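Encoded as structure tokens, the structure appears first; notes follow it.
The values are calculated or read from the model by the stated rules, or taken from the named source; none is laboratory data. The shown structure was predicted, so the numbers you read here are calculated from the model rather than taken from an experiment. Cβ: placed from backbone, ideal geometry, glycine included. Neighbour counts: every protein chain shown. The protein model used for the area step is the full one, side chains on, heavy atoms only, and it has no ligands, DNA or RNA in it. Shrake-Rupley method; radii C 1.70, N 1.55, O 1.52, S 1.80 Å.
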Amino acid sequence: AQTVTQSQPEMSVQEAETVTLSCTYDTSENNYYLFWYKQPPSRQMILVIRQEAYKQQNATENRFSVNFQKAAKSFSLKISDSQLGDTAMYFCAFMRGNTGTASKLTFGTGTRLQVTL
Amino acid sequence: DTGVSQNPRHKITKRGQNVTFRCDPISEHNRLYWYRQTLGQGPEFLTYFQNEAQLEKSRLLSDRFSAERPKGSFSTLEIQRTEQGDSAMYLCASSHPDRSKINSYGYTFGSGTRLTVV
């Protein structure tokens, strides 16, 4: 079974600053996918960024980037130039990658990020 | 594409009553998932369907829970004899069979149904 751990229940960052959210995971799989999801107060989960385990290059999506350390089973999210709209719960999630299509996600407990003026 | 739709948005029920939630996925998505999210926690997998076939059920899905997707389109999740511990947000998500069309294995989530058992 896979486990995902987010050790930071809450984080705060000032607008325009950079913040890094931590995530570690445990799996015996070699082929998998990792995701960061954002859940604003409206509660709808939105995909922020994803990483395939077989890719060494870290994924980036505009202001969002990851630091994927496969050997350490670490997958942190860096948000640059933080904006008020980034205030949300952020969930790290794991998906097995050997099924040929999407499958179930295993989520961490989340990090509540507050962006302040 | 109107997204994943869940109804109702909120449901308050008395302990012991039965409740049913509905999820309408994106029309071209063949996989549909149900998750449960309690306050302050991440979503936990309950079950998923590929078309009308229920392929996996979590042990969290007790005998009081049943999910169906009879025609491979919308799905229902029923909870019988509700208990206070069932109070949670129930999330539905869907995904496309073609990995090249679903932003690489990302789901589309609905807004959820918040259940409160009193």
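A few points about this structure:
- Residue in the stretch B:99-118 that is surrounded by the most Cβ atoms within 10 Å (Cβ to Cβ), counting only those that are among the polar types (S, T, N, Q) and at pLDDT below 95: B:T108
- Across the stretch A:80-108, the number of residues qualifying as within 14 Å of chain B (Cβ to nearest Cβ) and open to solvent by 60 Å² or more (accessible area, probe 1.4 Å) comes to 4.
- Flag for A:P40 being touching a helix residue (DSSP H, G or I) at 6+ places or on another chain (Cβ under 9 Å), exposed (fewer than 15 other Cβ atoms within 10 Å of the Cβ) and either more than 23 Å from B:Y107 (Cβ to Cβ) or not charged (D, E, K, R) (or both): yes
- The set of residues in the stretch B:85-98 being surrounded by 17 or more Cβ atoms within 10 Å (Cβ to Cβ) and within 14 Å of chain A (Cβ to nearest Cβ) consists of B:A88, B:M89, B:Y90, B:L91, B:C92, B:A93, B:S94, B:S95, B:H96.
- Residues located in the stretch B:41-82, provided they are among the small types (G, A, S) and in a loop (DSSP other than H, G, I, E, B): B:G42, B:S58, B:S62, B:G72, B:S73
- Residue among B:T47, B:T13, B:T38 that is modelled with pLDDT of 90 or more and more than 27 Å from A:F91 (Cα to Cα): B:T13
- Filtered residue count, the stretch B:63-84, keeping only those that are exposed (fewer than 12 other Cβ atoms within 10 Å of the Cβ), touching a strand residue (DSSP E or B) at 6+ places or on another chain (Cβ under 9 Å) and free of Cβ contacts under 8 Å to residues at least 24 places away in the same chain: 1
- Some residue of the stretch A:1-10 being hydroxyl-bearing (S, T, Y) and open to solvent by less than 50 Å² (accessible area, probe 1.4 Å): no
- Among the residues of the stretch B:1-31, those that are more than 11 Å from chain A (Cβ to nearest Cβ) and of a type in the set (A, V, I, L, M, F, W, C) comprise B:I12, B:V19, B:F21, B:C23, B:I26.
- Residue ranges of strands (runs of 3 or more DSSP E) in the stretch A:3-43 with at least 3 members among the aromatic types (F, W, Y) and in contact (Cβ under 8 Å) with a residue 60 or more places away in the chain: A:32-39
- Residue check, A:K70 touching a residue at least 12 places away in the same chain (Cβ under 8 Å) and out of contact with any strand residue (DSSP E or B) (no Cβ under 7 Å at 6 or more places or on another chain): yes
- Of the set (1) open to solvent by 60 Å² or more (accessible area, probe 1.4 Å); (2) part of a strand (DSSP E or B); (3) more than 12 Å from chain B (Cβ to nearest Cβ), all apply to A:L77 but (1).
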